[in-house]
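Inspection log for the structure reproduced underneath, given as structure tokens.
The values are calculated or read from the model by the stated rules, or taken from the named source; none is laboratory data. Nothing here was measured: the structure is a model prediction, and the numbers come from that model. With ideal geometry, Cβ positions are generated from the backbone for all residues, glycine too; neighbour counts draw on all protein chains shown.
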Amino acid sequence: MGITIHYAGKAKDPERVGELTVGRAEVLHWRWELVNRDTKGRFYPNWGLGYGFVPSEEKMKGDKIEFFPKMVSVKCNGCFRIFDTPFSDAVRESLRRGKEPESHIDAHVKGIILDPGPKCESLAFIFDLNTLRLANYERSKRDPGVIYGYNSFWCKTQFARFKTHVLVCETIRLAERYVDFSKISDEAEHYHSKDLMVGIKNFCRSIILCWYAAWRQRRSNEMMFRIKDMEKLLNKIGKNFGLRATLGDVL
């Protein structure tokens, strides 16, 4: 939850993107880190998970969810949303055969990671030099041989200042000269509107919703603790009468 910018695309010239973002970081006094490494291992693209419920025909069409009969089991209903990546066709072929997709990757990635400041996630421009696509590859912490691939990058600005959000938007806007973006989605709606008031309104609304959700969760936790305390008290009293209190639904 929280205002986030999602972006995906393909580099026109990764070397110039590096020059642009380093220069931008120096102007803004942001910290930055260059990335230049090999990425090898078992690869799991972000092909989506089997839905835990049967989607309606409307949702199937609206969210471009596909049905694969051979994947149907006790744990899976065979409905998947497949994202547009270089691995999409291979994923579909695996699902048609009733097998969970698994690939291997051997790529060299290059780019830069920018740090916009406190309470803001990093802003990354990292490219797979084989495809020139923005490559959000993440090595598994549990299994170092496994690499997860996501169909876009994202930068959450919710907990930073709105000024930081605007600077992140402007940095991505500058990168448009060097990147063919297939997706730029700003949940504050500032990027495309360029309207500060629209961005501020959505930013504030999201903050209020986050506070409200946190308050609801805190109240829920407090109520559960009170119920558990009451259960302990009733159990203590009930021991004298051979009774036991327990939490649960009334039949």
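List of remarks:
- Restricting 213, 245, 160 to residues that are at pLDDT 65 or above and hydrophobic (A, V, I, L, M, F, W, C) narrows the list to 160.
- Restricting segment 154-187 to residues that are out of contact with any Phe, Trp or Tyr (no Cβ under 8 Å at 6 or more places or on another chain) and among the basic types (Lys, Arg), the residue that is surrounded by the most Cβ atoms within 10 Å (Cβ to Cβ): 156
- In segment 1-97, counting only strands (runs of 3 or more DSSP E) that sit wholly within it, the ones holding 2 or more residues that are under 20 Å from residue 136 (Cα atoms) and at pLDDT 90 or above span 4-11, 31-45.
- Selection count, segment 188-201, where residues are buried (at least 20 other Cβ atoms within 10 Å of the Cβ) and more than 12 Å from residue 170 (Cα to Cα): 2
- Restricting attention to segment 121-153, the residues being aromatic (Phe, Trp, Tyr) and farther than 18 Å from residue 44 by Cβ number 2.
- Filter pass, residue 168 being under 26 Å from residue 85 (Cβ atoms) and touching a Pro at 6+ places or on another chain (Cβ under 7 Å): yes
- Residue 127 vs. criteria under 18 Å from residue 202 (Cα atoms) and modelled with pLDDT under 95: no
- Segment 109-203 holds strands (runs of 3 or more DSSP E) entirely within its bounds, and those carrying 2 or more residues that are hydroxyl-bearing (Ser, Thr, Tyr) map to 146-150, 179-186.
- Every residue from segment 1-49 that is more than 30 Å from residue 208 (Cβ to Cβ), among the small types (Gly, Ala, Ser) and in contact with a strand residue (DSSP E or B) (Cβ under 6 Å, 6 or more places away or on another chain): 9, 11, 18, 25, 41, 48
Listed here are the residues, each with its yes/no results for (1) over 23 Å from residue 13 (Cβ atoms); (2) touching a strand residue (DSSP E or B) at 6+ places or on another chain (Cβ under 8 Å).
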residue: 91; (1), (2): yes, yes
residue: 107; (1), (2): no, yes
residue: 132; (1), (2): no, yes
residue: 138; (1), (2): yes, yes
residue: 159; (1), (2): yes, no
residue: 177; (1), (2): no, no
residue: 180; (1), (2): no, yes
residue: 187; (1), (2): yes, yes
residue: 195; (1), (2): yes, no
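- Which listed residue, of 90, 25, is under 24 Å from residue 148 (Cβ atoms) and surrounded by 14 or more Cβ atoms within 10 Å (Cβ to Cβ): 90
- Only listed residue being free of Cβ contacts under 8 Å to residues at least 24 places away in the same chain and among the basic types (Lys, Arg), chosen from 75, 64: 64
- Filtered residues of segment 165-185 (kept if free of Cβ contacts under 8 Å to residues at least 24 places away in the same chain and either among the hydroxyl-bearing types (Ser, Thr, Tyr) or within 16 Å of residue 3 (Cβ to Cβ) (or both)): 170
- Here residue 145 does not qualify as surrounded by fewer than 19 Cβ atoms within 10 Å (Cβ to Cβ), at positive phi, touching a residue at least 24 places away in the same chain (Cβ under 8 Å) and under 22 Å from the mean Cα position of the chain (by Cα).
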